[in-house]
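Read through the structure below, which is laid out as structure tokens, and then see the notes.
The values are calculated or read from the model by the stated rules, or taken from the named source; none is laboratory data. Not measured: the values here are computed from a predicted model. Because the Cβ atoms are built from the backbone with ideal geometry, glycine has one as well, and the counts that use them run over all protein chains shown. Heavy atoms of the whole protein, side chains included, go into the accessibility calculation; ligands, DNA and RNA do not. Shrake-Rupley method; radii C 1.70, N 1.55, O 1.52, S 1.80 Å.
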Amino acid sequence: MATEHDDPAAIVAVRERHAAIIADRYDALLCDVWGVIHNGMEANPAACAALERFNRDKGPVVLISNSPRPSPFVIPQLDALGVPRGAWAKLVTSGDATRVLLAERAPGPAWMIGPERDAPLYEGLGLRFTEPQDAVFIACTGPFDDDVETPEDYRERLQACAARGLLMICANPDKVVQRGPRLVYCGGALADLYAVMDGPVLMAGKPFAPIYAMALAEAETRLGGPLDRSRVLCIGDGLHTDVRGAADQKLDCLFIARGVNGEAAIGPDGRLDPGLTAALLASEGVSAKLAMADLVW
């Protein structure tokens, strides 16, 4: 969170609510998807326009998503939601990074937790699937039915797995995401519960290093040369994932206060409140160089 002791441009970004004033400071953006450029039901036109402008005039926009599906299977969803192809140069997902972890443990067998729509994560890896009592590890993308289920629905089965010391590979570190006006549970919420039971958990998506390594490599490819990490900006609304991940990678972060956080950092005038924003970031023990209510140019 910017303070009076930080770069004055950061303070302006908070107060004036637009990104154009900081665009020249960066050569590449690593931008979150769900919560910033769409809410699971429709695209955010202003955010898409901002990314399209940067991607065209400044440098590559690499979308960095905790979707558990490989990127080729997420692109049609972005198209259907109205996210323009010009708003991004490359998409990297947690699914892309997690496939490496899964392939190392093929053929398993694994207990697979997650909806049928996440099946592309496992294609071509040679994994076998079974019931929890016969599995040698857990592969988790989220609840089977995130419309109705909560982590508590899995407590008994997870306790039995934790007692055996089974590793959980979680392909989506997000705990919740926004789906229209609702918040729904994701794989990270199941992983949290499992960790409380002393079950071992391994993840490759945000905030963990593997997905950032992939995204930075894609940005370098599109720039055609080495990337100055001080000129990379991460954008996201997730405190535990986007903000913490950027900090761990020593990358600048533009925190988008709405999205998964609702109105928690918004003042009575409908604008971003710096004090509320600082408190929200502090609640997760993180900080961000920049903050805006919504991503706009």
Magnitude of the Cβ-charge dipole (Lys and Arg +1, Asp and Glu -1) of region 151-297 about the Cα centre, nearest 20 debye, reported as 220
What whole-number value in Å² describes the accessible area per residue of the chain for a 1.4 Å probe?
42
Please name which of ASN39, ILE64, VAL83 has its Cα lying farthest along the dipole of region 32-88 towards the positive end, using unit charges on Cβ (Lys, Arg +1; Asp, Glu -1) and the Cα centre as origin.
ILE64
What figure in square angstrom, to the nearest 10, would you give for the accessible area of TRP111 with a 1.4 Å probe?
10
Is there a quick way to get the dipole size of the chain? I mean about its Cα centre, with the Cβ of Lys and Arg at +1 and of Asp and Glu at -1; what is the value in debye to the nearest 20?
580
For LEU223 and ALA264, FRET efficiency with R0 = 41 Å and r from the beta-carbon atoms, rounded to 0.05?
0.70
When the accessible area of region 69-160 is split by element with a 1.4 Å probe, what percent falls to carbon and sulfur?
51
Starting from the Cα of LYS289, draw a straight line to each of the lysines and keep only those under 17 Å, dropping any in the same chain fewer than 8 residues away.
LYS250
May I ask you to evaluate 6.51 cos²θ - 1.76 cosθ + 1.60, the Karplus curve with θ = phi - 60°, for each residue of region 206-217 and list the ³J(HN,Hα) values in order in whole Hz, giving x for glycine and proline?
4, x, 8, 5, x, 5, 5, 4, 5, 5, 5, 5
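Contact order normalised by length for region 122-260, with contacts defined as Cα pairs under 8 Å and 6 or more residues apart; what percent is it?
19
In what order, largest first, do PHE129, PHE137 sit by accessible area if the probe radius is 1.4 Å?
Listed by decreasing accessible area, they come as PHE129, PHE137.
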Reachable aspartates and glutamates from LYS175, Cα under 17 Å, same-chain residues fewer than 8 places away excluded?
ASP32, ASP118, ASP145, ASP146, ASP147, GLU149, GLU152, ASP153, ASP192, ASP237, ASP242, GLU284
Estimated [θ] at 222 nm from DSSP helical runs (n ≥ 4, -39500 (n - 2.57)) normalised by residues in the chain, nearest 500:
-9000 deg cm²/dmol
Mind pulling the angle between the C-alpha long axis of helix 45-57 and the longest principal axis of the chain? Nearest 10 degrees, somewhere in 0 to 90.
70
Please report the accessible area of ASP252 (heavy atoms, 1.4 Å probe, ligands and nucleic acids excluded) in Å², nearest 10.
40
Acute angle (nearest 10 degrees) that the helix 187-196 long axis makes with the longest principal axis of the chain, alpha-carbon atoms:
60
I'd like to compare 143-154, 43-54: which one has the highest average count of other Cβ atoms within 10 Å, and what's the full order after that?
43-54, 143-154
Going by alpha carbons, how many degrees (0 to 90, nearest 10) lie between the helix axis of 71-81 and the longest principal axis of the chain?
60
Rounded to one decimal in nm, the spacing of the 7 Å Cα→Cβ label points at ALA279 and ALA106 is 5.1
